[in-house]
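Reading through the structure tokens given below for one structure.
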Amino acid sequence: MESQLNDTVKRVRVGAERRVLHDLDARRRQLERMRTMLHEREDVFLQALADDLGKSAFEAYSTEIGFTINEIDHTLDHLEKWAAPTKVSVPIHLRPGSARVVPEPLGTVLIIAPWNYPLQLVLAPLVAALAAGNTAIIKPSEVAPATAAALARTIPEYLGPDAVGVVTGGVPETTTLLEQPWDHIFYTGNGTVGRIVMRAAAEHLTPVTLELGGKSPAVVTDAAELRSAARRIVWGKFTNAGQTCVAPDYVLVDEVVAGRLLTELSAAITEFYGDDPRESGDYGRIINPRHFDRLVGLLDGTATVAHGGTHIAAERYIAPTVLTDVDPASAVMQDEIFGPILPVLTYAALDEAIDFVTARPKPLAFYPFTDDRHEADRLLDAVSSGGATVNHTLLHLAVPELPFGGVGASGMGAYHGRHGFDLFSHRKPVLRRASKPDPSIAYPPYGGLTAKLLRKLL
Ligand code: NAD
């Protein structure tokens, strides 16, 4: 097993040494092959995502397959521009000369992915890594075994073995990979493992990107349009049964409109998933019994169940659930929930809501709901977060020109579109000078004229 892993790694390392993705056409070919794979093997991936997470075909296509195709298309459309050297001006005392920032591939990168969007979170970073000319090892999550197996089977059929290698397995395999030197490690997952990754990377001075999670709040003010706020929060929260890194984790609502928001939240859940969400083809399941037990444990009776609350272990089903009367010190308000449970807390003054959020680790996403522009600006200004969408949820990550990543406890580094290309590139500064002129005044022994000129120019 270990020798197979080493062979796979060696192949892509040799690929990087031989510069198999050095020219843009070679990169384009890999990206086009990946797109063909997603079209031709759509059924295989849809089935795997249904097996792992009960994802509906619509959701699996829009958030995983289609999302990645979009990222590929956007990258292919812009690759030439991103890869082109950027000219910068040269200060007068360094002229004549020309200066450029030249993006160059880092080498061989390691991409470690989690289980919640087990296709997108492997392939979207891979698009960026390949576009920037790197070869890569991808390590899908063992917690989504059907998708990991589908990737391990399919990728070698479409992508060059010296460009991309797939390593499956769990902690032992990831640990083995982490012991090796890489040119970059891109990790998506929880902060505990993020620390393990960063520690291992430090051994080899490997740069890391950590795409982590956290408790992303939605703040609903008295100036919000409550029906659309509720529908958009419900959509963002219960897509993929709440197992989304940027899902609104909890809601802070102005106490004046809290009752109406709760009514609208219930109405939206019923409208989207029916009276019995278990029967809905659009509602997913919890990834495994361990996470199911963890989530059910959060329904510990300390809060009031305002909607849902039912669960069936055999089906890993937890109903879309809304909690009120939530104690901020209770378990559900400690770590990221990462499941279909939505605590709703109230505040009396906006400053109170801001203090509540800023007293906690910086979230991956922040969702102010208000039709008052100034209020939205105030909230955005006060709260530091990985990203934000005003009056909706999740959608900032679907804009390819926006960098996607965390800040503080929610991660470091960002990708998507050009930001991904830059992340996986070394931006090499190059100054070119002609061999002439070469005035002696620039060298020792420095005379009075040199000193005078220096003070004039600097
Ligand atoms: P996970 O359990 O699948 O772990 C992620 C990866 O880490 C896997 O490939 C796994 O093999 C590896 N791993 C696990 N334990 C390890 C160890 N001890 N040593 C080395 N490698 C190890 O996924 P997860 O961490 O449960 O994912 C959920 C978390 O990821 C949530 O916190 C969520 O918010 C976050 N997340 C963030 C983003 C983002 O883009 N910022 C996206 C999705 C999920």
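The values are calculated or read from the model by the stated rules, or taken from the named source; none is laboratory data. Note that the coordinates shown come from a computational prediction; the quantities given were computed from them, not determined experimentally. No Cβ is skipped: glycine too gets one built from the backbone with ideal geometry, and neighbour counts run over all protein chains shown. Note: accessible area is taken over every heavy atom of the protein model, side chains too, but ligands, DNA and RNA are not part of it. Shrake-Rupley method; radii C 1.70, N 1.55, O 1.52, S 1.80 Å.
Table for the structure above
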{"item": "Net charge contributed by nearby residues that have their C-beta within less than 10 Å of HIS204 (K/R +1, D/E -1)", "result": "-3"}
{"item": "Which of TRP115, TRP235 is most accessible, then next, and so on - probe 1.4 Å", "result": "TRP235, TRP115"}
{"item": "Net length gained if the chain between ALA26 and THR176 were fully extended (0.36 nm per residue, minus Cα distance)", "result": "51.0 nm"}
{"item": "Mean accessible surface per residue for region 217-405, computed with a 1.4 Å probe while every protein chain stays in place, in Å²", "result": "41"}
{"item": "Residue-count net charge about TYR415 - beta-carbon cut-off 14 Å; Lys, Arg +1, Asp, Glu -1", "result": "-3"}
{"item": "In region 275-328, chymotrypsin sites (Phe, Trp or Tyr not before Pro) in a DSSP loop with at most 15 other beta-carbon atoms within 10 Å", "result": "none"}
{"item": "Cα gyration tensor category, rounded, prolate or oblate, for region 1-91 with a/c compared to 1.5", "result": "oblate"}
{"item": "Whole-percent carbon and sulfur share, accessible surface of the chain, 1.4 Å", "result": "53"}
{"item": "Full-stretch length increase - VAL256, LEU205 - with 0.36 nm per residue and alpha-carbon distance subtracted", "result": "13.1 nm"}
{"item": "Positive dipole terminus of region 217-405, leading residue within LEU342, LEU252, THR310 (C-beta point charges)", "result": "THR310"}
{"item": "Zone residues, region 95-121, relative to ARG427, backbone N less than 18 Å from point 7 Å out along Cα-to-Cβ", "result": "99-107"}
{"item": "Nitroxide proxy distance, nm - points 7 Å out along Cα→Cβ at ASP293 and SER280", "result": "2.8"}
{"item": "Cβ-derived FRET efficiency at R0 51 Å, ASP7 paired with THR358, nearest 0.05", "result": "0.55"}
{"item": "Net +/- balance of residues flanking TRP182 in space, Cβ distance below 12 Å, scoring K and R +1, D and E -1", "result": "-1"}
{"item": "About the Cα centre, charge dipole magnitude for the chain (Lys/Arg +1, Asp/Glu -1 at Cβ), debye", "result": "2880"}
{"item": "Binned Cα-Cα distances of the chain, short to long, each 10 Å bin given as a whole percent", "result": "4, 19, 27, 22, 15, 8, 4, 2, 0"}
{"item": "Cα→Cβ-extended label distance, 7 Å offset, between GLU104 and MET198, nm", "result": "2.9"}
{"item": "Cleavage-rule hits, GluC sites (Glu not before Pro), region 139-234, DSSP coil, Cβ neighbours within 10 Å at most 10", "result": "GLU179"}
